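Q: If you scroll down you'll find the structure; I have some questions about it.
The values are calculated or read from the model by the stated rules, or taken from the named source; none is laboratory data. Nothing here was measured: the structure is a model prediction, and the numbers come from that model. Here the Cβ positions follow ideal geometry from the backbone for every residue, glycine too, while neighbour counts run over all protein chains shown. Surface areas here come from the heavy atoms of the whole protein model, side chains and all, with no ligands, DNA or RNA. Shrake-Rupley method; radii C 1.70, N 1.55, O 1.52, S 1.80 Å.
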Number of protein chains: 6
Amino acid sequence: MSQARKPIEYADASAEVRAVYDDIMATRKTDWINHFWKALANDPATLQRTWDSIKQIMAPGALDPLTKEMLYIAVSVSNQCPYCIASHTASARQKGMTDAMFHELMAVVGMANETNRLAAGYQVEIDEQYKTV
Amino acid sequence: MSQARKPIEYADASAEVRAVYDDIMATRKTDWINHFWKALANDPATLQRTWDSIKQIMAPGALDPLTKEMLYIAVSVSNQCPYCIASHTASARQKGMTDAMFHELMAVVGMANETNRLAAGYQVEIDEQYKTV
Amino acid sequence: MSQARKPIEYADASAEVRAVYDDIMATRKTDWINHFWKALANDPATLQRTWDSIKQIMAPGALDPLTKEMLYIAVSVSNQCPYCIASHTASARQKGMTDAMFHELMAVVGMANETNRLAAGYQVEIDEQYKTV
Amino acid sequence: MSQARKPIEYADASAEVRAVYDDIMATRKTDWINHFWKALANDPATLQRTWDSIKQIMAPGALDPLTKEMLYIAVSVSNQCPYCIASHTASARQKGMTDAMFHELMAVVGMANETNRLAAGYQVEIDEQYKTV
Amino acid sequence: MSQARKPIEYADASAEVRAVYDDIMATRKTDWINHFWKALANDPATLQRTWDSIKQIMAPGALDPLTKEMLYIAVSVSNQCPYCIASHTASARQKGMTDAMFHELMAVVGMANETNRLAAGYQVEIDEQYKTV
Amino acid sequence: MSQARKPIEYADASAEVRAVYDDIMATRKTDWINHFWKALANDPATLQRTWDSIKQIMAPGALDPLTKEMLYIAVSVSNQCPYCIASHTASARQKGMTDAMFHELMAVVGMANETNRLAAGYQVEIDEQYKTV
């Protein structure tokens, strides 16, 4: 399946793909592209759509970029996605996540996964207080 | 299985369980106990251990309590745990989560779940840059 | 989608489906069929295949039926499947699961879900000692 | 645990296991057995039951074999199962999955995983229109 | 959290939201909006981005819309998302999914979830034949 | 992130961490510490809390330690956690899990993951008989 998911290097990329790569590097203030985007580049429509979404979602807003990156790690760890854990942990470090923050993040994620199952296993009914929309 | 998971009300609780309930209410500055703890109260050892862990983990530290609550939501949403989503969304609101913060939280959690699968499906190799421990 | 997943009652079932229902009731020493099988009965091939597999797998062997039922609960809780949690918890009770056993089961399942994520989040390498096949 | 999960080669297999291997190769029109079956061969009952089920389920029917293989990939990617993603992606290619089909498959799987969490996180109520069985 | 996730009806929607609703109804040739979109409408940016992505991804291409809808169901079932299962099953029916197709879809999804765990539990190594990119 | 998750060897550990290591080795009657604990040792609070919980939960009780270890495997396999599968399979073997027990464990875990999805996909309603708390 050589054409379907082989990483596409900048030198081999179409103008369309290069434009996304350039925007990724400019937005992230970096000079390299990680494997995730090089794989998606096999499908330029998905590369473009995914990057546009990520760029919009991860931008500073009501939540700061570091908090967003830690939320990304929380999801990736719950889903057991090795690539995602490695890449977003690195990104969070670049955005200022300290060792202490990483440790607390892991503790919360671990605990949440535990109590999620206790709530399910005990078949806990949702309290009336939580039902108001 | 009436003894195993039926909610235990304060009036019916042992001194041991009441002590945990009291600590939960004092710590959270509230006057009621939600169903999760009332269910766990059927197993006082797990009630005590779980509360002790939650109290330690969710306390202010390198991460503030609201960030921790949003991480809890991120995990609960990824795991499709209705009780946990309802209860921790309510808790986050009480700790100051605004509508805008909730919306951005949802956007990040949704996106992370999407890219977790793109990374897996494209069988993306971890970049050397991410491997340094 | 009335034909695709509406519960099929014994009175309305084909001879083929009734034969499976009869075997379920005889094997389980019960006089009713739960909704799961009534739904699968819309697809007799899947009803038959699934029951044959369950009957073989859940029979006494190197593991006793109660242990197998608790393993079923452990999986169902981890997967957040409400129907499965309710039905297999009831089955385990019928096979002798005590309150104390249920409580310890929940504690293990909760803890395993927690440490599964700590192992992932810390990107723990598998020890050489565990690699021998 | 050498006896429990070490791959069993054809030359070392019992007549019972060889019969399954032969049927796998004949059905798939191939001359080799992949690791999955060689591992299951440690438990001939599970090897036989699993192959019988797979053979029945993956056969041409109301859905064609390629569609079924892509459904298999969709599940395997959602579950983060590296072996399953690799093996079923290869199988789908052999059955005619083009690059374009693979790309669209990935896009759908990614998106479904995203909206699954948006639906959960926003605690969306099921519309009446969807409740008719 | 009344402003954050309460369904927004067409009559109460902003022009921006109404434009998305109109496009959903025109694209789907229907005269109503399901709860999912009414919930997302609390965050117009996510409503717009999610609809744009869904519209692009679910359009006819190398895969037909019914196949895509069944892939959506496969993911939603694996993730235990009740809303998503209900809504996409209804959509697939509207696009022509027959009872027989639904039954085979369920059989494949169930089986894939089973073998995903057998592959993991037996710690099956990826065959060399599957590693060529 | 060298300080955050690099394995901490006994020789380099603080007195606080060594005390936990010593208790792990004494409790497990072994002379080495596996990578999981060496990683957690970067966060002594989580190391201590997690070990205290594990020690309490996995001790003999209404369920024997081998049954608990197999429940741990059932969860780890369902979650696709390679480290956890490898380490707890090894632990179960040390506690007496035979090949036959391992095979039946895998069969149950696989089947439970299958029927969990059939129950979800067929949108099976919980029987009244299962609702009594």
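Q: Under a Cβ-Cβ cut-off of 10 Å, what is the net charge of the residues other than E:Gln123 that fall near it, where Lys and Arg count +1 and Asp and Glu count -1?
A: Around E:Gln123, the charge tally is +1.
Q: Give the nm distances, rounded to one decimal, from B:Asp64 to the matching residue in every other copy, measuring between label points 7 Å along Cα toward the beta carbon; shortest first.
A: 0.9, 5.3, 5.4, 5.5, 5.7
Q: What are the label-to-label distances in nm, one decimal and shortest first, from F:Glu9 to the same spot in the other copies, with labels 7 Å along Cα to Cβ?
A: 3.8, 3.8, 6.1, 7.1, 7.3
Q: Calculate, for the protein assembly as shown, the solvent-accessible area per residue in square angstrom, rolling a 1.4 angstrom probe over the heavy atoms of the protein chains.
A: Spelled out: the 1.4 Å probe surface of the protein assembly as shown, per residue, equals 36 Å².
Q: Separate question: Taking R0 as 51 Å, what's the FRET efficiency between D:Lys131 and E:Lys131 from their Cβ-Cβ distance, rounded to 0.05?
A: 0.65
Q: If you don't mind, another one. Considering the rotation that carries chain A onto chain F, locate the chain A residue whose Cβ comes closest to its axis and report the distance in whole Å.
A: A:Gln80, 3
Q: Rounded to the nearest 0.05, what FRET efficiency do A:Asp99 and C:Ala15 have when you use their Cβ-Cβ distance and R0 = 45 Å?
A: That pair, A:Asp99 with C:Ala15, gives E of 0.10.
Q: Ignoring any ligand, DNA or RNA, what whole percent of the accessible area of the protein assembly as shown comes from carbon and sulfur when the probe is 1.4 angstrom?
A: That fraction is 52 percent.
Q: Please give me the summed charge of the neighbours of E:Lys68: other residues whose Cβ is under 10 Å from its Cβ, Lys and Arg +1, Asp and Glu -1.
A: Taking every other residue near E:Lys68 into account, the sum is -2.
Q: List, by residue number, every residue in segment F:27-60 with a reduction of 30 Å² or greater in accessible area between the chain on its own and the complete protein assembly, 1.4 Å probe.
A: When all protein chains are present, F:Trp32, F:His35, F:Phe36, F:Ala39, F:Leu40, F:Asp43, F:Arg49, F:Thr50, F:Ser53, F:Gln56, F:Ile57 each give up 30 Å² or more of accessible surface.
Q: Using a 7 Å offset from the Cα along the Cα-to-Cβ direction at both D:Lys29 and C:Thr30, what is the distance between the two label points in nm, to one decimal?
A: 4.5 nm
Q: A further question follows. Given +1 on the Cβ of Lys and Arg, -1 on the Cβ of Asp and Glu, and no further charges, what dipole in debye does the protein assembly as shown carry about its Cα centre, rounded to the nearest 20?
A: It works out to roughly 0 debye.
Q: A follow-up question, please. When the helix-only estimate is applied to chain B (DSSP H runs of n ≥ 4, each -39,500 (n - 2.57), divided by the residue count), what is the mean residue ellipticity at 222 nm, nearest 500 deg cm²/dmol?
A: After summing the helix terms and dividing by the residues of chain B, the value is -21000 deg cm²/dmol.
Q: For segment C:67-88 and segment E:70-86, what is the separation of their C-alpha centers, rounded to whole Å?
A: So the separation of the two Cα centres works out to 19 Å.
Q: Compute the angle between helix C:44-58 and the longest alpha-carbon principal axis of chain C, please, reported from 0 to 90 degrees and rounded to the nearest 10.
A: Relative to chain C, helix C:44-58 is tipped by roughly 50 degrees.
Q: Quick one: net charge of B:Val108's neighbours, Cβ under 14 Å, K/R +1, D/E -1?
A: Local net charge: -1.
Q: How fast does chain C diffuse by Stokes-Einstein, in µm²/s, taking the Kirkwood radius from C-alpha pairs at 20 °C and 1.002 mPa s?
A: 124 µm²/s
Q: A further question follows. Please give the total accessible area that chains C and A bury against each other, computed with a 1.4 Å probe and expressed in Å² to the nearest 100.
A: About 1800 Å² of accessible surface is lost on pairing.
Q: Further question: Whose amide H sits under 5 Å from the amide H of D:Asp127, counting only residues 5 or more places off or on another chain, with H placed in the peptide plane?
A: Sorted by chain and number, the residues that satisfy this are E:His35.
Q: Round to the nearest 10 and give me the degree value, 0 to 90, for the angle of helix A:99-121's Cα axis relative to the longest principal axis of chain A.
A: Rounded to the nearest ten degrees, it is 60.
Q: What does the convex hull of the Cα atoms come to per residue for the protein assembly as shown, in Å³?
A: Convex hull volume per residue, Cα atoms: 160 Å³.
Q: Where does the longest stretch of chain C lie that holds no trypsin sites (Lys or Arg not before Pro) found in a DSSP loop with 16 or fewer other Cβ atoms within 10 Å?
A: It runs C:30-94.
Q: Return a single number: how many Lys pairs in segment C:23-133, at a sequence separation of 8 or more or on separate chains, have alpha-carbon atoms below 17 angstrom apart.
A: Taking segment C:23-133 as the scope, the lysine pair count is 6.
Q: Now, a different point. Dipole magnitude of chain F about its Cα centre, charges +1 at Lys/Arg Cβ and -1 at Asp/Glu Cβ only, in debye to the nearest 20?
A: With Lys and Arg at +1 and Asp and Glu at -1, about 280 debye.
Q: Binning at 10 angstrom from zero up to the longest distance, how are the C-alpha pair distances of segment D:29-73 distributed in percent?
A: Histogram of Cα-Cα distances, whole percents per bin: 24, 47, 28, 1.
Q: When the scattering of segment F:59-133 is computed by the Debye formula from its Cα atoms alone, each counted once and equally, what is log10 I(q)/I(0) at q = 0.17, 0.24, 0.28 Å⁻¹?
A: Each listed q corresponds, in turn, to -0.75, -1.05, -1.24.
Q: I've got another one for you. Can you pull the accessible area of F:Leu40 for me, 1.4 Å probe, Å² to the nearest 10?
A: Its heavy atoms expose roughly 0 Å² to the probe.
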